[in-house]
Amino acid sequence: MLWNAYLKGKRQTERGAAGKPGAYLVSLAQHDPLTAAKMVNKLLGQGIEVKVAGKPFTTSAGMSYPAGSFVVSMAQPKMGLIRYLLGRTF
């Protein structure tokens, strides 16, 4: 049973690393940074790894994000949950 859980997590991580988008970005430079921080804390409570950018950066699409922005990579075992919670739905 543990081996199957390991394989599932490994497959999810590989799918997330190869898929689009590669990560979700949450900037604190928005009209309600406290709610953004609260959302990130909820993600952390679900076991999702969230990193904080140490310096400002620009994406390949040309969007700039300040230092302190949150980066939620899709290359982790809970990739499906991340996509469900943060992905665009219609």
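Under the definition of Cα pairs under 8 Å and six or more residues apart, what whole-number percent is the relative contact order of the chain?
In percent, rounded to a whole number, it is 40.
How many Å² of accessible area per residue for the chain, probe 1.4 Å? The partial results should precede the final answer.
On the way: 6500 Å² over 90 residues.
With all protein chains present, the chain gives 72 Å² per residue.
Run the reach check for LYS8 against lysines, Cα to Cα strictly under 22 Å, same-chain hits fewer than 8 apart removed. What comes back?
Output for LYS8: LYS20, LYS78.
Which ³J(HN,Hα) values in Hz, rounded to whole numbers, follow from the phi angles of region 84-90 under the Karplus curve 6.51 cos²θ - 1.76 cosθ + 1.60, where θ = phi - 60° and Gly and Pro get x?
5, 7, 10, x, 6, 10, 10
Using modelled backbone amide H atoms (1.01 Å from N, in-plane), which distant-in-sequence or interchain residues come within less than 5 Å of SER69's amide H?
So SER69 has HN proximity to LEU28, ALA53.
With θ set to phi - 60° and the Karplus curve 6.51 cos²θ - 1.76 cosθ + 1.60, what are the ³J(HN,Hα) couplings of region 44-54 in order, to the nearest whole Hz, using x for Gly and Pro?
4, x, 8, x, 8, 7, 10, 10, 10, 5, x
Counting only protein heavy atoms and using a 1.4 Å probe, what share of the accessible area of region 20-89 belongs to carbon plus sulfur, as a whole percent?
Numbers: 2680 of 4590 Å².
That share works out to 59 percent.
Which three lengths, in whole Å and largest first, does the chain cover when its Cα atoms are put on their principal axes?
Rounded to whole Å, the extents work out to 45, 32, 27 Å.
Quick check: the angle from helix 2-18's long axis to the longest principal axis of the chain, C-alpha only, nearest 10 degrees?
Helix 2-18 and the main axis of the chain meet at about 40 degrees.
Each residue of region 25-42 in order: what ³J(HN,Hα) in whole Hz does its phi give by Karplus 6.51 cos²θ - 1.76 cosθ + 1.60, θ = phi - 60°, with x for Gly and Pro?
Whole-Hz 3J(HN,Hα) from phi for region 25-42: 10, 10, 8, 7, 7, 9, 5, 9, x, 5, 5, 4, 5, 5, 4, 4, 5, 5.
Amide H to amide H under 5 Å from ALA23: which residues, 5+ apart in sequence or cross-chain, H placed 1.01 Å off N in plane?
Long-range HN contacts for ALA23: MET74.
The values are calculated or read from the model by the stated rules, or taken from the named source; none is laboratory data. Note that the structure is predicted; figures quoted are calculated from it, not measured. Surface areas here come from the heavy atoms of the whole protein model, side chains and all, with no ligands, DNA or RNA. Shrake-Rupley method; radii C 1.70, N 1.55, O 1.52, S 1.80 Å.
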